[in-house]
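Here is the structure we will look at, set down as structure tokens.
The values are calculated or read from the model by the stated rules, or taken from the named source; none is laboratory data. Everything numeric in this text was worked out from a predicted model, so none of it was measured. Cβ placement follows ideal geometry from the backbone for every residue including glycine, while neighbour counts extend to all protein chains displayed.
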Amino acid sequence: MERDQQTRQRRQLRLQSWDYSWPWWYYVTICTKDRVCELGQVRQDRMVLSNVAEIAEETWRWLAIQYDYVELDDFVIMPNHLHGIIIMNELRRGGSRTAPTENIKRKPLGRLIGAFKTVSAKRINEIRKTPGAIFWQRSYHDHIIRNAADLHRIRSYMANNPLQWAIDQENPNNRTKLTYQCLVCKQNDRPPMHINYGFQEPMED
């Protein structure tokens, strides 16, 4: 019963009317299990990555190498989570257009995140000699980037994330009433107003 409720809650995080295999720009947040700070420390307002965070970064970049329709925009690794922008393209590298979208075996966003978690956790467990240990929290948060202004807010938020770690809502040592959270990340996301496959950046509303 409890597992069924957790599954329904994870599904409710996704926008039901949206196909997450569509070409678009997506902002995602992935947390470590129990939000334990295993990815490094913030020192003098700068993030210092741990050895496992370096594996996480390498694996994140691997997504764009492994899947030719995936492009990565800005991302930031924090002590217990990762923020990143994934671009799902319709065009292959070099600018040549592929076959129609329905003929492309494109993984939806959730499968890409699953691949990242699986590959990075396996490598982390290899160096730790902890085979099968769970490293990442189940599920993830996503936000469908609506337009260029939305993209700018998210990029600015990620760039300032280490500076605001002391009051970050994900910081387990934050006992103040202040919180620093991404205001664009809401579970009641609506689809973007414009669908323009092959766009360079989300269009302005």
Self-check item: Residue that is modelled with the highest pLDDT [pool: residues in the range 121-171 that are under 12 Å from Thr29 (Cβ atoms) and among the aromatic types (Phe, Trp, Tyr)]
Solution: Trp136
Practice problem: Scan (1) of a type in the set (A, V, I, L, M); (2) buried (at least 18 other Cβ atoms within 10 Å of the Cβ); (3) assigned to a strand (DSSP E or B) for the single condition Val48 breaks and write down its number. | Solution: (2)
Quiz item: Is it true that Thr130 is in a helix (DSSP H, G or I) and surrounded by fewer than 16 Cβ atoms within 10 Å (Cβ to Cβ)?
Solution: no
Self-check item: Which listed residue is out of contact with any Leu (no Cβ under 8 Å at 6 or more places or on another chain) and either aliphatic (A, V, I, L, M) or at pLDDT below 95 (or both), from Trp62, Trp18
Solution: Trp18
Practice problem: Starting from the range 19-38, keep only residues that are free of Cβ contacts under 8 Å to residues at least 60 places away in the same chain, then list their pairs with residues that are assigned to a strand (DSSP E or B) and not β-branched (Val, Ile, Thr) whose Cβ atoms are within a distance under 7 Å, requiring at least 6 positions of separation or different chains. | Solution: none
Practice problem: Might you check whether a residue that is modelled with pLDDT of 90 or more, among the hydrophobic types (A, V, I, L, M, F, W, C), closer than 22 Å to Arg138 by Cβ and not in a strand (DSSP E or B) occurs anywhere in the range 80-100? | Solution: no
Quiz item: Taking Val36, is it among the β-branched types (Val, Ile, Thr) and surrounded by 15 or more Cβ atoms within 10 Å (Cβ to Cβ)?
Solution: no
